[in-house]
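Q: Dropping a structure here in structure tokens format, bear with me for questions.
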């Protein structure tokens, strides 16, 4: 086998295949708005499990909105994890069940959730809903989420959107668009092909019998992603329900936004190398849906992946122009242009309200500024549960 064929094959697998996979998700996910599922029958009891770490500024608003969505048969359990503020006291004023947990070693959202699961195991509900302390359900979405989970007897992920506050700067609006791509468009595309979706951290409903068999005790920054992949490996794909909507807001301050982005992208990038052998194992054993879930999770964050694929494409173009290994350009050009076209369509149909054409110059500056973020990520090994400061 010649060096040109070997390099072309390798680059297609590493760059071209993920580009094609992403473009398919984008093309088929653009029009996925979701039709409300009509589920008859009586809704069974559920527990809403809320892990909270120093959330005194927002937890009262969250609980106040949640109380109008739940029924008298439901329980709200807040795990005040390593809190040094008034989170627990505020929660008790809403007459919800509050657990206070302190640990110097086992820190993280996963350990908080595991603590809550052990508490409710004495009187297990039909359904457990995991909900973040800074989120709110749209009216009727909580009932929709739980009813679908109970009727399908499966894990269900709601559409979890994060919004930019009014008059937010460009980088916050870009974050909102990237979040829509990740949490709305891509799961919508996967749903069209009968695949599951990645768990997104909040607005997640699980049958007790399913969740109780999976260990949640983890210090991983991306414990939600890890949980969803565990379920897919055992054949329990997570259903995406776009008509059940959970909302939250990005912080506007530079420091808070930087902390949030660093935590998310650090966790995602750190998990990629661990996923490669799991992807190969799932594919080799015929678990093709699980392997596609792994492939989806292995693709780096959107901005980073666009930069990597563009760099590879431009390099192959230069090689092609000097008539050196033209096959490399051929195998990369189609996947790359498919990715660019599909992303432009996503912006046209789903992103023009938050990013306009006049923002293009600012986008380039934003992309270049990402290098400092990735430099910071490469230098840190932090896995702690870091609270994002709210404005």
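Q: Compute the long axis of helix 360-379 from its Cα atoms, compare it with the longest principal axis of the Cα atoms of the chain, and write down the angle in degrees, 0 to 90, nearest 10.
A: Roughly 70 degrees, rounded to the nearest 10.
Q: Please arrange 104, 134 by counting, for each residue, the other beta carbons lying within 10 Å of its beta carbon, fewest first.
A: Listing 104, 134 from fewest to most nearby Cβ atoms yields 104, 134.
Q: Could you check what % of the DSSP bridge pairs in the stretch 46-252 are antiparallel, to the nearest 5?
A: Details: 8 of 31 bridges.
For the stretch 46-252, the DSSP antiparallel bridge percentage is about 25.
Q: What number in nm² do you get for the stretch 41-146 if you take the convex hull of its Cα atoms and divide its surface by four?
A: Taking a quarter of the hull surface, the average projection is 6.5 nm².
Q: Ignoring everything except DSSP H segments at least 4 long, calculate the 222 nm mean residue ellipticity for the chain; use -39,500 (n - 2.57) per segment, divide by total residues, nearest 500.
A: -16500 deg cm²/dmol
Q: Hey, what angle do you get for helix 109-120 against the long axis of the chain, alpha-carbon based, 0 to 90 degrees rounded to 10?
A: That works out to roughly 30 degrees.
Q: While we're here: Principal axis extents for the stretch 80-126, Cα atoms only, whole Å, descending order, please.
A: So the three principal-axis extents are 32, 29, 13 Å.
Q: Additional query: Could you pull the Rg and Dmax for the stretch 2-103, using just the Cα atoms, both in Å?
A: Answer for the stretch 2-103, Rg first and Dmax second: 23.8, 72 Å.
Q: May I pose another question? Among 92, 352, 239, which comes first, then next, by fewest other beta-carbon atoms within 10 Å?
A: With the sparsest Cβ surroundings first, the list reads 352, 92, 239.
Q: Using the count of nearby Cβ atoms within 10 Å as a rough guide to exposure, how do 179, 348 rank from fewest to most?
A: Ranked by crowding around the Cβ, least crowded first: 348, 179.
Q: Helix 141-152 sits at what angle to the longest principal axis of the chain, using alpha carbons and giving 0 to 90 degrees rounded to 10?
A: 80
Q: Build a GNM of the chain with springs between Cα atoms under 10 Å: which of 169, 187, 301 gets the top mean-square fluctuation?
A: 169
Q: Could you please state, rounded to a whole Å, how far the C-alpha centre of the stretch 138-206 is from the C-alpha centre of the stretch 112-137?
A: The stretch 138-206 and the stretch 112-137 have Cα centres spaced 19 Å from each other.
Q: Where does the stretch 46-252 land on the Kirkwood hydrodynamic radius, alpha-carbon pairs, in angstrom? It would help to have the intermediate numbers written out before the result.
A: On the way: mean 1/r = 0.0578 Å⁻¹.
Averaging 1/r across every pair of different Cα atoms and inverting gives 17.3 Å.
Q: For the chain, give the share of DSSP beta bridges that are antiparallel, in percent and rounded to the nearest 5; count only bridges with both residues there. If you can, show how the numbers build up before the last one.
A: On the way: 8 of 31 bridges.
Around 25 percent of the beta bridges assigned by DSSP in the chain are antiparallel ones.
We did not get these values from a lab; they are worked out from the coordinates using the rules stated. Bear in mind that the values here come from a model prediction, so they are computed numbers and not experimental data. Here Cβ is always computed from backbone atoms with ideal geometry, including for glycine, and neighbour counts include all displayed protein chains.
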